[in-house]
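Right, one structure below, let's go through it.
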Amino acid sequence: VQLQASGGGLVQAGDSLRISCVASGRTFDSYVMGWFRQAPGKEREFVAEISWSGRNTYYADSIKGRFTISRDNAKNTVHLQMNSLKPEDTAVYYCAARTRGSEVGYAPLYDYWGQGTELTVSS
C-alpha cells in the first residue's frame with residue numbers, strides 16, 4: 001500500500017488543523033492506521049492509532065483531548081484533527097499502516113509509511 005499525507009502548514013498556537021492520509025490499494029480496511037511525528041532534533045514518536053473498523057482509537061498522552069484520529073474506509077483515508085495546537089506540536093507528521101502485531105503505537109510493526117506532512121505552530 002502507498003500512503004500520501006497532506007494538509008500540513010503554518011498555523012498559530014491555539015489554531016486547529018486537519019491532516020489527512022490517502023492510501024492506495026483495495027485492502028485499506030484491513031490495516032490498522034497510525035500517525036507518528038518527528039520534531040527537529042528529536043526521535044519519532046507515536047501520536048495516534050485507529051483500528052481497522054474505526055471503533056478503537058488510541059492516543060499519546062501529550063495530545064490526548066486535543067487530537068482526534070478518524071478514518072473513512074470508503075475513501076481509503078485517515079484523518080488527524082488537531083485542535084488547540086501548541087508550538088511543541090511542530091513536527092513532520094507521518095501516517096503509517098500495519099496488519100500485524102497488537103502493541104499500540106509500536107513503530108517497528110508498521111510496514112508502510114507515508115512521506116510526511118510538515119506542521120509548524122508559531123507562538
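If we keep just the residues of segment 108-123 that are farther than 16 Å from Leu80 by Cα and among the small types (Gly, Ala, Ser), which is most open to solvent (accessible area, probe 1.4 Å)?
Ser123
Kindly indicate the residue of segment 74-96 that is open to solvent by 50 Å² or more (accessible area, probe 1.4 Å) and either of a type in the set (Asp, Glu) or free of Cβ contacts under 8 Å to residues at least 60 places away in the same chain (or both) and also farthest from Val22 (Cα to Cα) among those meeting that condition.
Among those that are open to solvent by 50 Å² or more (accessible area, probe 1.4 Å) and either of a type in the set (Asp, Glu) or free of Cβ contacts under 8 Å to residues at least 60 places away in the same chain (or both), it is Glu88.
Taking the stated definitions as given, is Val1 touching a residue at least 40 places away in the same chain (Cβ under 8 Å), surrounded by 15 or more Cβ atoms within 10 Å (Cβ to Cβ), in contact with a Gly (Cβ under 8 Å, 6 or more places away or on another chain) and assigned to a loop (DSSP other than H, G, I, E, B)?
Yes: the conditions hold for Val1.
Which number in (1) in contact (Cβ under 8 Å) with a residue 40 or more places away in the chain; (2) of a type outside the set (A, V, I, L, M); (3) touching an Asp or Glu at 6+ places or on another chain (Cβ under 8 Å) marks the one condition that Thr57 misses?
Checking Thr57 against (1) in contact (Cβ under 8 Å) with a residue 40 or more places away in the chain; (2) of a type outside the set (A, V, I, L, M); (3) touching an Asp or Glu at 6+ places or on another chain (Cβ under 8 Å), the one that fails is (1).
Out of (1) in a strand (DSSP E or B); (2) β-branched (Val, Ile, Thr); (3) open to solvent by less than 20 Å² (accessible area, probe 1.4 Å), what's the single condition that is false for Val22?
Of the numbered conditions (1) in a strand (DSSP E or B); (2) β-branched (Val, Ile, Thr); (3) open to solvent by less than 20 Å² (accessible area, probe 1.4 Å), the odd one out for Val22 is (3).
Can you tell me which of (1) without any contact (Cβ under 8 Å) to a residue 24 or more places away in the chain; (2) open to solvent by 40 Å² or more (accessible area, probe 1.4 Å); (3) not aromatic (Phe, Trp, Tyr) is the one Ser51 doesn't meet?
Result: Ser51 fails condition (2) only.
Among Gly105, Gly101, which is buried (at least 17 other Cβ atoms within 10 Å of the Cβ) and either in a helix (DSSP H, G or I) or at pLDDT below 95 (or both)?
The match here is Gly105.
Select from segment 30-43 the residues that are surrounded by 14 or more Cβ atoms within 10 Å (Cβ to Cβ) and either more than 13 Å from the chain's Cα centre (by Cα) or over 10 Å from Cys95 (Cβ atoms) (or both) and list them in ascending order.
Correct list: Tyr31, Val32, Arg37, Gln38, Ala39.
The values are calculated or read from the model by the stated rules, or taken from the named source; none is laboratory data. Just so we're clear, the structure is a prediction, and the values are computed from it rather than from any experiment. Please note: Cβ atoms are built from the backbone with ideal geometry, for glycine as well, and neighbour counts cover all protein chains shown. Side chains are part of the model used for accessible areas, which takes the heavy atoms of the whole protein and leaves out ligands, DNA and RNA. Shrake-Rupley method; radii C 1.70, N 1.55, O 1.52, S 1.80 Å.
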